[in-house]
Structure formats: structure tokens, C-alpha cells
Amino acid sequence: MKIIQLATAALILWVNVCLAQAPEPKSTASFKPGERWYDNKGELINAHGGGLLFDKGMYYWFGEKRGQSASQGISVYSSTDLHNWKAEGMALEKSADPQSEIAVGGLMERPKVIYNPKTKKYVMWFHLELPRQGYKAARAGVAVSDKVTGPYTYLNSFRPNGHMSRDMTLYVDDDGSAYHIYSARENYDLRITKLTDDYLSATTQDTLMFSNHREAPAVFKKDKQYYLITSGCTGWAPNQASLHVATSLFGPWKLIGDPMKGPMADKTFDGQSTYIQPVQGKKDAFIFMADRWNPKDLKDSRYLWLPIKFENAQPVIEWMDEWDSTVWAK
Ligand code: DGJ
């Protein structure tokens, strides 16, 4: 009798171990913010502080590949439906040359990629910190590729018009002009620079947006208004988001308040903004993307993607445990 009980217990234990190790289902039809998200190979998606690019019918997700804390380059994933992501490998690897600005030991954060139809090149900008200097260098790095998934060729880095440049995003306006929005002056200033026609450099059209000590900028446009969501500056710890609005990217920018609603709204649902993606083929459908950082294991930081709603014509973001594209029809 005892042997049967022992055998049953062992079997139950074995089944539980197997279940715990089973890969997540590879196909999904909804967003589950804050849960672990897996790619087509059953691996954790490792693309933090990222941004999306819609190109020729496909979404591409570029982000920071992280180890437990190390910055390991820029990864890229592709998807047709924004739920199921195929690992496309590394868009930009760390350089094996110890003299390189992108050698191991430095940081590559918040990559964003845009397509230049004039040069037919994909252009990546990111926040670059030089090896072994912590966050001192505060530079924008630029890389370029003929192919959306890369590999991207690293070009150079600089401080736009001499300004420190840390957290950043890129934005391409309807007329094809592109802009770099970045935290400057030890993050006390948020600035915007128009890019050159080839998108590879900053022009001298460079303006202070506001000096509210903000980072993690994410921008979108609706009804000729530009909306900008930012975070405060508390390292990896979450803080309160704010929303600004303007009729011109060069301002003036008006502070509206915190667009988050519901439990944990005052801490951006334990997250930090990174990008806002318009959903193709749907009017006024935008996805707010944020990172829930896990500083003890950065690669296991989670993704919080939530739909942007409009209440009294103002953007509002509410927490949802699970949601899908039917939200846009409502
Ligand atoms: C906040 C920034 O938004 C992140 O990208 C990262 O640089 C952390 N600070 C590091 O503490």
C-alpha cells in the first residue's frame, strides 16, 4: 500500500514539474499586460525600452536585449497581429572591438527605428552610454540598415547640438519630417530636434519642450494635436506619468495631467512609458507601451501594453488584465 502511495506522490510531483516547465502556448489572441510574453520559439521576448515600426504589412518590435542587468544589444521581432512575435535575432550587436563605442560594458537603451523613403534606409537611434562610464556620456547613437531586421551598421554617436541626450524617442510626422525627442541637462529638460532629410543627424532646429525633469517620452498625433506621455526620473522605480498636448511639435506644450486611470494609476501601473503605436487600419486606435522594470533581473522586465481611450476628447489609459482588438470597436 505504502509503495502505491509513494509511486502516486512521485507521479504527481513529476506531472507538476513537467507542467511548470512546459512552454507557454505559442499562439495568442489577446494582450496580457504584466504577464510573461513569449516569442515563436517559446523564449521570453527580450525587447525592453522598445518601439515598433510598421513596414510593408508587418510590425517590427525593436528593444533592448538585457541579461540580468547587462545591455546586450538591440533585438528585433516581427508580427502581423501585434500578439504573436517571431524572433528575428539581433538588429544591432555589441561590437567585439573593445575600442568601439558600442563595446560590451556600455549601454544601448530605448532604440527606435524609422524608415526613410528617400534613401530607402532603415535608421535606428538609441540612447548610448559609453563602456565603463555609467550614465555619464549621455549620447544619441545612430545605426543604419538596408533591411528592416538588420543587421544595422553602427555609424556614430553625439550630443545633439551639444545637449546631453538620454531617454529618447523618434517621431515621423505626416510630411515625412522626423524628430528626436530627448531628455537633456541631466534629464531636467526635454528637448526636440528635427532630423536631417536622411534621418542620420540632428539639425540645428532644436528646441526646449519643457523643464519638468521628465524622461521616457512617447508621442502620438490625433486630430492635428500632438500628445506626449512622459515619466518622472526615479531610475527603474515607477512613478507618475504626465500628458502634454501641443498643436506644433516645437510647442508650446501644455500639461494636461496624468492620463492613467484606476488602481496603481499614480505609478503608471508599476511601469514606465516607452512608445505609442498607431494600429494600422483602425481609426484613432493607439497602443500605449510601457515597461515594468525588474532591476534584479532586467531581462524578465514585463511589457504593459494598453489601449488609449478618449474621454471628452482627452487620452485616457486604464489598466486591463487582458484585452484584445475588440476594444477598438466599442
Ligand atoms: C530610467 C530610464 O528611463 C531607463 O531607460 C533607464 O535608463 C533607467 N532610468 C536606469 O536607471
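Each value in this text was obtained by applying a stated rule to the coordinates, not by laboratory testing. In this text, all values refer to a predicted model and were calculated from it rather than measured experimentally. Here the Cβ is made from the backbone with ideal geometry for all residues, glycine too, and neighbour counts use every protein chain on show.
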Value of relative contact order over the stretch 37-321, rounded to a whole percent, pairs C-alpha under 8 Å and six or more apart: 12 percent
Mean separation of Cα contacts under 8 Å, 6 or more apart, over the residue count of the stretch 221-302: relative contact order %: 22 percent
The stretch 189-330 - charge dipole about Cα centre, Lys and Arg +1 at Cβ, Asp and Glu -1, debye rounded to 20: 280 debye
Residue with peak Gaussian network fluctuation, the chain [Cα springs, cutoff 10 Å], from ALA313, ALA241, ALA218: ALA313
Subset of LYS261/LYS283; LYS41/LYS261; LYS86/LYS309; LYS194/LYS267 violating a 24 Å alpha-carbon distance limit: LYS41/LYS261; LYS86/LYS309; LYS194/LYS267
Under the Karplus curve 6.51 cos²θ - 1.76 cosθ + 1.60, θ = phi - 60°, whole-Hz ³J(HN,Hα) for the stretch 138-153, x wherever Gly or Pro sits: 6, 10, 9, x, 10, 9, 9, 8, 7, 10, 4, 7, x, x, 7, 9
Unit charges on C-beta of K, R, D, E only; dipole of the stretch 148-253, Debye: 240 debye
Descending semi-axes in Å of the stretch 37-321, equivalent ellipsoid built from Cα gyration tensor: 25, 22, 20
Cut-off under 5 Å, modelled amide H: who pairs with GLY106 long-range: ARG132
Trypsin sites (Lys or Arg not before Pro) restricted to DSSP loop in the stretch 60-136 with at most 15 other C-beta within 10 Å: LYS118, LYS120, ARG132, LYS136
Degrees, to the nearest 10: 2-21 long Cα axis against longest axis of the chain: 20 degrees
